[in-house]
Amino acid sequence: MEQTRTHAKIPSDASKMFLTDEQVLLAVKQSRWKVLFNLDMIVVTSQRVIRYSPSGFFGIHKDIEDYRYEDMTNFKVSRGLFFATVTTSHRFNSESLVLDNLPKVG
């Protein structure tokens, strides 16, 4: 398996959701250039994608959503000069998952 690339510290609320055999492949926070406070974090594991979204004053409220790979379809990656956006559809949900303002690496 490839080396784990973690660009951000994973909050304990999100790490409690990991299964025993689940491995973190990548963890990325939104860029501060576009969002000043309460940055969303995307955690990519060996089994799913987890979106961690703090909100409210000092991030007191937290929304954590997980998306299993087998439920995701139609991936689209849009790469700008500094940021990237990943959009994917779900088999059982009409609403697309949009992960935006991700720092572009490489």
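The values are calculated or read from the model by the stated rules, or taken from the named source; none is laboratory data. Given the structure is predicted, the values throughout are model-derived calculations rather than measurements. Note: areas computed on protein heavy atoms with side chains; ligands, DNA, RNA excluded. Shrake-Rupley method; radii C 1.70, N 1.55, O 1.52, S 1.80 Å.
Largest accessible area first, the listed residues Tyr69, Tyr52 line up as Tyr69, Tyr52 when surface is computed with a 1.4 Å probe on the assembled protein chains.
Determine the shape class of region 39-106: with a ≥ b ≥ c the square roots of the Cα gyration tensor eigenvalues, call it rounded for a/c under 1.5, and otherwise prolate if a/b is greater than b/c, oblate otherwise. It would help to have the intermediate numbers written out before the result.
Working: a/c = 1.81, a/b = 1.11, b/c = 1.63.
Oblate, because a/c is 1.5 or more while a/b does not exceed b/c.
Net length available on complete extension from Ile10 to Asn38 is 8.7 nm, with 0.36 nm assigned per residue and the Cα-Cα distance removed. Counted residue by residue at 0.36 nm each, then reduced by the alpha carbon distance between them, the extension gain from Glu95 to His61 reaches 10.0 nm.
Which value, in Å² rounded to 10, gives the accessible area of Phe57 with a 1.4 Å probe and all protein chains present? About 150 Å², rounded to the nearest 10.
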